[in-house]
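Following: one structure in structure tokens, then a few remarks.
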Amino acid sequence: MISRRAKSIQPSATLSISSKAKELARQGKPVINMGVGEPDFVTPRHIIDAAVKALNEGKTFYTPARGIPELVSAIVDWAKRERGIDVKDENVIVTPGAKYAIFEAIMATVEENDEVILLDPSWVSYEPCVQMVSGKVVWVPHSEGFEDAPLEDYVSSKTKMIIINSPSNPLGVVYPKNFLKKVRDIAVDHDVLVLSDEIYDKIVFEGEFVSPVSFDDMQERTIMINGFSKTYAMTGWRLGFAIASEEITKHMLRIQSHSVSHPTSFVQYAGVAALKGSQKCVEEMVAEFRVRRDMLMRGLDEIGLRYAPPKGAFYMFVDVGRDSMEFCKELLEREYVAATPGSAFGKAFNTWIRLSYATSRQNIEEAIRRLARFIEA
Ligand code: PMP
Ligand code: GLU
């Protein structure tokens, strides 16, 4: 009864671990959830107020599939301000979460047997999106230090897309300009699309965030993905967007109009408030993430665990030296600390785990204590 397409994919590891952790917490267990990448901050007040106002004003009807004109226009302004590019409304599509923008972008561009290049490790949902359209994922290992990768050795006549995620989930790497320039050169020389998932662009502690669209000839071939979940602590609201060529957004829009129609009407008004309002809330959250990152780095150094040096996002990718699935299962059962196994992020990191530090300082301190006890046992 079930299609090959549905059978080809597994449930999202990050979301399943989160559900398991939340279930244990509901049962009264002292769970520390470092499994899911979800800011623990409540959405800033002015953003909530905008949604409530929209509801009270009766903004409860269908909206245009692309998104409400106010939000599309705010995203056009955002592209100019944040990326220095001129885009039109036709280049923008507002989606229910960045994840759905990624799904639509891949649905709209990748054919059966097309190759899509993914850096190993990469976030959990890219590979299933490619599998759902019967494309083929080509995993490319990082070079030492995780800031470069030999993409040139993996490009073929079948390569359709390279997916870049900077700052990266799960590594926290902020890719340097010379690596992105290499991505640009490969994309232009081989006529390849770049899906640039920039959802963590504001969460940078060291180094400089660079978007592939900042290079010549890249605007037409880059599908830029962004969203509100991380920057504005809006995971449950489901709001994201993509900026791409008119041709690509036109086809993403067709998929959207026949599937989810559009993101929830009043949530889009909250999105306008987020983009147009004061960005002080973002600065405050990023400053707090930095303190937490430093705490976790110190803790892991004391325990003696090796990790990829995180410069952005809110993850640490940590080498635990044994099967990551077993490690995470035992850590959750014995110490009630949820973490995500490295095996969920690619092929080469079965002995690594991902810790999300989007949780309180107190939780991080306690998690370090429990982790040390777990490792010593
Ligand atoms: N991209 C990356 C790299 C992520 O970590 C996430 C996490 N949810 C998403 C996209 C999707 O975000 P959302 O759908 O909540 O906007
Ligand atoms: N992106 C976050 C994570 O990687 C949230 C869960 C998800 O959407 O995968 O944990």
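Given the criteria closer than 23 Å to residue 249 by Cα, touching a strand residue (DSSP E or B) at 6+ places or on another chain (Cβ under 7 Å) and within 16 Å of ligand 1 (Cβ to nearest atom), does residue 187 qualify? Steps first, please.
Details: closer than 23 Å to residue 249 by Cα: yes; touching a strand residue (DSSP E or B) at 6+ places or on another chain (Cβ under 7 Å): yes; within 16 Å of ligand 1 (Cβ to nearest atom): no.
The answer is no for residue 187.
In segment 168-183, which residues are within 16 Å of ligand 1 (Cβ to nearest atom) and among the aromatic types (Phe, Trp, Tyr)?
Listed by number, the list holds a single entry, 175.
I want to confirm something. Restricting to segment 77-135 and keeping residues that are of a type in the set (S, T, N, Q) and part of a loop (DSSP other than H, G, I, E, B), which single residue is nearest to residue 4 (Cα to Cα)?
Step one: filter segment 77-135 for residues of a type in the set (S, T, N, Q), giving 91, 95, 109, 113, 122, 125, 131, 134.
Next cut, part of a loop (DSSP other than H, G, I, E, B) only: 113, 122, 125, 134.
On the way: 113: 15, 122: 24, 125: 18, 134: 10 Å.
It comes out as 134.
Take the residues in segment 148-177 that are under 22 Å from the mean Cα position of the chain (by Cα) and farther than 22 Å from residue 202 by Cβ; name whichever of them is surrounded by the most Cβ atoms within 10 Å (Cβ to Cβ).
Only one residue fits best here, namely 162.
Only residues that are part of a loop (DSSP other than H, G, I, E, B), of a type outside the set (Val, Ile, Thr) and at negative phi: list them for segment 307-329, please.
Result: 308, 309, 310, 311, 314, 322, 323.
Which of the helices (runs of 4 or more DSSP H) found entirely inside segment 1-58 contain at least 2 residues meeting this: within 14 Å of residue 339 (Cα to Cα)?
13-26
What is the one condition in (1) away from ligand 2 (no atom under 16 Å from the Cβ); (2) over 17 Å from residue 8 (Cβ atoms); (3) in contact with a strand residue (DSSP E or B) (Cβ under 6 Å, 6 or more places away or on another chain) that residue 108 does not satisfy?
Result: residue 108 fails condition (3) only.
In segment 44-62, which residues are closer than 21 Å to residue 242 by Cα and surrounded by fewer than 21 Cβ atoms within 10 Å (Cβ to Cβ)?
Correct list: 62 only.
From 69, 150, grab the single residue that is of a type outside the set (A, V, I, L, M, F, W, C) and under 23 Å from residue 188 (Cβ atoms).
Sole residue among the options that is of a type outside the set (A, V, I, L, M, F, W, C) and under 23 Å from residue 188 (Cβ atoms): 150.
Go through segment 16-35 and give me each residue that's surrounded by fewer than 22 Cβ atoms within 10 Å (Cβ to Cβ), in contact (Cβ under 8 Å) with a residue 40 or more places away in the chain and closer than 21 Å to residue 315 by Cβ.
Of everything in segment 16-35, those that are surrounded by fewer than 22 Cβ atoms within 10 Å (Cβ to Cβ), in contact (Cβ under 8 Å) with a residue 40 or more places away in the chain and closer than 21 Å to residue 315 by Cβ turn out to be 18, 20, 31.
State whether the residues of segment 274-286 include one that is surrounded by 23 or more Cβ atoms within 10 Å (Cβ to Cβ) and either modelled with pLDDT of 95 or more or within 22 Å of the chain's Cα centre (by Cα) (or both).
Checked against the condition, which is being surrounded by 23 or more Cβ atoms within 10 Å (Cβ to Cβ) and either modelled with pLDDT of 95 or more or within 22 Å of the chain's Cα centre (by Cα) (or both), segment 274-286 yields at least one hit.
Residue 165 - would you say it is within 16 Å of ligand 1 (Cβ to nearest atom), closer than 20 Å to residue 187 by Cβ and in contact with a strand residue (DSSP E or B) (Cβ under 6 Å, 6 or more places away or on another chain)?
yes
For segment 283-306, does any single residue satisfy the condition of being within 30 Å of residue 209 (Cβ to Cβ), outside any helix (DSSP H, G or I), touching a Phe, Trp or Tyr at 6+ places or on another chain (Cβ under 9 Å) and of a type in the set (A, V, I, L, M)?
No: segment 283-306 contains no residue that is within 30 Å of residue 209 (Cβ to Cβ), outside any helix (DSSP H, G or I), touching a Phe, Trp or Tyr at 6+ places or on another chain (Cβ under 9 Å) and of a type in the set (A, V, I, L, M).
Among the residues of segment 50-69, is any within 16 Å of ligand 1 (Cβ to nearest atom), among the aliphatic types (A, V, I, L, M) and modelled with pLDDT of 95 or more?
Taking every residue of segment 50-69 in turn, none turns out to be within 16 Å of ligand 1 (Cβ to nearest atom), among the aliphatic types (A, V, I, L, M) and modelled with pLDDT of 95 or more.
Residue by residue through segment 193-221, note down the ones that are of a type outside the set (S, T, N, Q) and free of Cβ contacts under 8 Å to residues at least 60 places away in the same chain.
Residues satisfying the conditions are 194, 198, 208, 210, 212, 215, 216, 217, 218, 220, 221.
Restricting the first residue to segment 323-336 and requiring it to be at pLDDT 95 or above, which pairs with a second residue that is outside any helix (DSSP H, G or I) and among the basic types (Lys, Arg) meet a Cβ separation below 6 Å and a spacing of at least six or different chains?
336/29
The values are calculated or read from the model by the stated rules, or taken from the named source; none is laboratory data. It should be emphasised that the depicted structure is a prediction, and the values quoted were computed from it without experimental measurement. Here Cβ is always computed from backbone atoms with ideal geometry, including for glycine, and neighbour counts include all displayed protein chains.
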